[in-house]
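First the structure, in the form of structure tokens, and then the observations on it.
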Amino acid sequence: MSIYATLWTLKFPRYGDDYPGCEWIRVTAQGVPSHIGAEGGDPFAQFLPPPVPASDDTGPRRLRAVVFVTEGTHKGTDRNGQEYVAPLLVLSGEAYADTAFHVLHARLCDALRGDRPRVVATLIAPGRDARILFEDGSATDG
């Protein structure tokens, strides 16, 4: 049985930036209910934020954590069968509830981008391929 409940799945630019011809990938938000690991030894403490105290287990902050993964992300490590291998982002339930979507979107895009430079502009001229410009001064044809 899984400790996760799917909250939503959305498509994001595979490498964090939207430009003509970019690839897209599904990102899923997996919620971990507040009671998971709250009783006794917590087998999830090494990869999840702490459980929510029973007194705080109400309202929008009732999730212990939200783990964001891309399609094809494997679950199960040597440490714990419930741990995702290389999730994009892990937030506490409280942080997830307090984060505006545009901020969350930017954080997920940053995680997808990794160490690649950010797209800063797309030049489109009649009769030519789109030209993608990056923050490091490099460019490529789209």
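Spin-label model, residue 8 to residue 131: label points 7 Å out along the Cα-to-beta-carbon direction sit 3.7 nm apart. Summed over all non-identical Cα pairs, the Kirkwood treatment of the chain gives a radius of 17.0 Å.
Taking the Cβ-Cβ separation of residue 73 and residue 99 as r and a Förster radius of 22 Å, what is the calculated FRET efficiency to the nearest 0.05?
That gives a FRET efficiency of 0.60.
Ordered by the number of other Cβ atoms lying within 10 Å of each residue's own Cβ, fewest first, 68, 44 fall into the sequence 44, 68.
In the stretch 36-117, the convex hull through the Cα atoms has an average projected area of 6.6 nm², a quarter of its surface area. Seen against the Cα atoms of the chain and their longest principal axis, helix 101-113 is set at about 70 degrees.
Helix content alone sets the calculated 222 nm mean residue ellipticity of the chain: runs of n ≥ 4 DSSP H residues at -39500 (n - 2.57) each, divided across all residues, give -4000 deg cm²/dmol.
Where a number appears in this text, it was derived from the coordinates with a stated rule and is not lab data. Computed from a predicted structure; not experimentally measured. Here the Cβ is made from the backbone with ideal geometry for all residues, glycine too, and neighbour counts use every protein chain on show.
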